[in-house]
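Q: One structure, as structure tokens, below. Some questions next.
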Amino acid sequence: LSDSIGGSFSASSHRCHHKQKHCLPVPQCGALSISPLLFHPHTKGSQIIMDTTQKAVKRQASFCNAITFSNRPIVIYEQVRLKITKKQCCWSGALRLGFTSKDPSRINPDTLPKYACPDLVSQSGFWAKALPEEFANEGNIIAFWVDKKGRVFYRVNDSAAMLFFSGVRTAEPLWALIDVYGLTRGVQLLDSEIIPPDCLRPRSFTAIRRPSLRRDTEDTRLSVSLCDLNLQEETFHVTATTCPIPQNSLNSQHSHLLPSQLESDLRFHHLRGPHVKILDDQTVARLEHAREERTLVFTSRPLRINETIFVKINKSNAVRTGTLAYGVTSCDPSTLRPSDLPYNPESLVDRKEFWAICRVVVPLQSGDILGFVVNLDGELHLSHNGAGTGMQVCVDCSQPLWMFFVLHGAVMQIRLLGSTILAERLGLSTPSSPTSTPSSPTVLCSGVSDPILSTCGSGPLCSSISGTAPNSPISLPESPISPSVSGPWGDECTICYENMVDTVIYSCGHMCLCYSCGLKLKKMANACCPICRRAIKDIIKTYRST
């Protein structure tokens, strides 16, 4: 005989051949003399690393291939208790918990699938379901057990018992099944407890909401609904067509867009706009019914040069118009108060610190991943789902810069996935690429009303100002000509592309405009140089000598 995933059974199987079902014994109140519950030493996923005590496991890479089992069968009402020791925020989904009637010692580890859900639970003798992500935080203690009716319950820390799923066959020995999946990177088994029904008071069944299979298609934090197919309750009838895209597919997609290792020290600053809430240190969401939108959030620390920050759009609403705004500032968020954050974030450029703000022009959907990096030349580059979109704005990187985001329009929730110095992993444009040429006309100050000054409609909407930042250099550069300009008189104006360049911008010294466009640009609020983004103090017309 062989089991459903290739492991061989001996002739003397644990299968029950009696006509009448016999459940596993129900213990009395108090402790039973049983051996400690450990992880099975051999049958485990290829990414699992186990300590010598067999009580702690860790997934070494990826987001899957981390299925584990207990070393012995559990007893009815025995609470399998484990502590989440490591969380990795760049994935979707979390711990999968359940039971199996297959002896792990008879399962070939090489035949274990990547996922407990839906791969294992689609086979006979396996039952499992995803733990809700909001419970998968480091330090949480999760306990789960099965009763004599085959119902599985769980609790988090000291919370009341909650119904997880049902349909487990208790007539056979059952081993615990733990898939260290997605957000969950490491777990530790604690001493199990056996609490019979007369000692346990779970939450009333009538008060328990049954898991809904109506999923929000825009919510990327899904529980894999194929797990729910194993509930096997008489009042629960579903078909496979109701299943959304499982987290397995989402994580597989994300794994191609992200480096194998991400630094996780980047958090959101506690200062935030009043119309945004912090779900955890790395996730923020906009209030659903706020009339006004003051939704600024900041990073907890300044950016590092060539550090790529990855941000995931956790939730979007296609009905709304508008998109995510972002930028950098030399202003330490700790020096601000919530009342300092305006309704219109573009008014921040009127402050004395350095502020630069842009908007993402491509439509954003749930699950999209954005990458932001500031290089040594002060160029802020953006990528969208692995595709570089080029330089968005030039910033003053001679001083510490915090990044900020404004949740607007369709963007309802974002998450900081982490950061890495390996910017080339995302295929971001380099300074020598055409998309990052300093003289590119795709970056202009916001507030442009003149049709001539808004000819770069396909470029990102940006606005920035250096203001009176004390660290900003004000001396003229050695060569006031843009590096991409071959001669002072041989190129066209970078705004109108009709007239010849004949104007110097003071005080940066760049020559990139005709006098007509220079006058219009100077009259704009927060006027700044199209190349270096420094404030325009004056424009000087030049004349060719004959």
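Q: What's the FRET efficiency of Ser507 with Ile305 using the Cβ-Cβ distance as r and R₀ = 30 Å, to the nearest 0.05?
A: 0.75
Q: I've got another one for you. Just the accessible area for Tyr506, please: 1.4 Å probe, Å², rounded to the nearest 10?
A: 110 Å²
Q: Return the long-range amide H neighbours of Leu417 (sequence gap of 5 or more, or a different chain), with a cut-off of under 5 Å between placed amide H atoms.
A: Long-range HN contacts for Leu417: Phe310, Val311, Lys312.
Q: Just in region 312-411: which trypsin sites (Lys or Arg not before Pro) are loop by DSSP and have at most 13 other Cβ atoms within 10 Å?
A: Arg320, Lys352
Q: Another question, then. Determine, for each peptide in 61-70, 132-141, the mean count of other beta carbons within 10 angstrom over its residues, then list the peptides with the highest first.
A: By packing density, highest mean first, the sequence is 61-70, 132-141.
Q: Please state the relative contact order of region 268-421 as a whole percent: Cα pairs under 8 Å, 6+ residues apart?
A: Once divided by the residue count of region 268-421, the mean separation gives 38 percent.
Q: Something else now. Taking H placed 1.01 Å from N in the peptide plane, check which residues at least 5 places from Ile74 or on another chain put their amide H under 5 Å from its amide H.
A: Sorted by chain and number, the residues that satisfy this are Leu174, Trp175, Ala176.
Q: Using 20 Å as the Cα-Cα cut-off, could you pick out the over-long pairs in Lys83/Lys149; Lys129/Lys312; Lys87/Lys312; Lys44/Lys148; Lys58/Lys83?
A: Those over the limit are Lys83/Lys149; Lys129/Lys312; Lys44/Lys148.
Q: Give the lysines reachable from Lys541 as a straight Cα distance under 20 Å; neighbours fewer than 8 places away on the same chain don't count.
A: Output for Lys541: Lys520, Lys522, Lys523.
Q: Let me ask something else. Compute the FRET efficiency between Thr53 and Arg320 as 1/(1 + (r/R0)^6), taking r as their Cβ-Cβ distance and R0 = 35 Å, and round to the nearest 0.05.
A: Calculated value: 0.10.
Q: Please work out the Cα center distance from region 506-546 to region 332-397, rounded to the nearest Å.
A: Cα centroid of region 506-546 versus Cα centroid of region 332-397: 24 Å apart.
Q: What's the ranking of 102-113, 330-341 by average number of surrounding C-beta atoms within 10 Å, highest first?
A: Most protected by this proxy first, the peptides run 102-113, 330-341.
Q: Using a 1.4 Å probe, how large is the accessible area of Ile195, given in Å² and rounded to the nearest 10?
A: Spelled out: Ile195, probe radius 1.4 Å, area about 40 Å².
Q: Related question: When 1/r is averaged over all different Cα pairs and the result inverted, which Kirkwood radius in Å belongs to region 268-421?
A: 15.4 Å
Q: Another one. When the chain is fully extended, how far beyond the present Cα-Cα distance does Leu287 get from Asn108, taking 0.36 nm per residue of separation?
A: Length gained between Leu287 and Asn108: 59.5 nm.
Q: Which value, in Å² and to the nearest 10, is the accessible area of Asp119 when all protein chains are kept and the probe is 1.4 Å?
A: For Asp119, the solvent-accessible surface is approximately 50 Å².
Q: What would the Debye formula give as log10 I(q)/I(0) at q = 0.16 Å⁻¹ for the alpha-carbon point model of region 487-545, no solvent?
A: -0.41
Q: Quick one: length gained pulling Lys148 to Lys352 fully straight, 0.36 nm per residue minus the C-alpha distance?
A: 66.6 nm
Q: Right, here's the next one. Please identify the trypsin sites (Lys or Arg not before Pro) of region 120-174 that satisfy two criteria: DSSP loop assignment and at most 12 other Cβ atoms within 10 Å. Which are they?
A: Those satisfying the criteria are Lys149.
Q: Ordering Lys83, Lys523, Lys114 by how much accessible area each has at a 1.4 Å probe, largest first, what is the list?
A: Listed by decreasing accessible area, they come as Lys523, Lys114, Lys83.
Q: Same structure again: Could you work out the pair-distance distribution P(r) of region 83-200 from its alpha-carbon pairs, with 10 angstrom bin width and percents rounded to whole numbers?
A: Bin by bin from 0 Å, the calculated values are 13, 44, 36, 7, 0.
The values are calculated or read from the model by the stated rules, or taken from the named source; none is laboratory data. Treat the numbers as computed from the prediction; the structure is a model and nothing was measured. As a convention, Cβ positions derive from the backbone with ideal geometry for all residues, glycine included, and neighbour counts pool all protein chains shown. All accessible areas refer to the heavy atoms of the entire protein, side chains included, with ligands and DNA or RNA removed. Shrake-Rupley method; radii C 1.70, N 1.55, O 1.52, S 1.80 Å.
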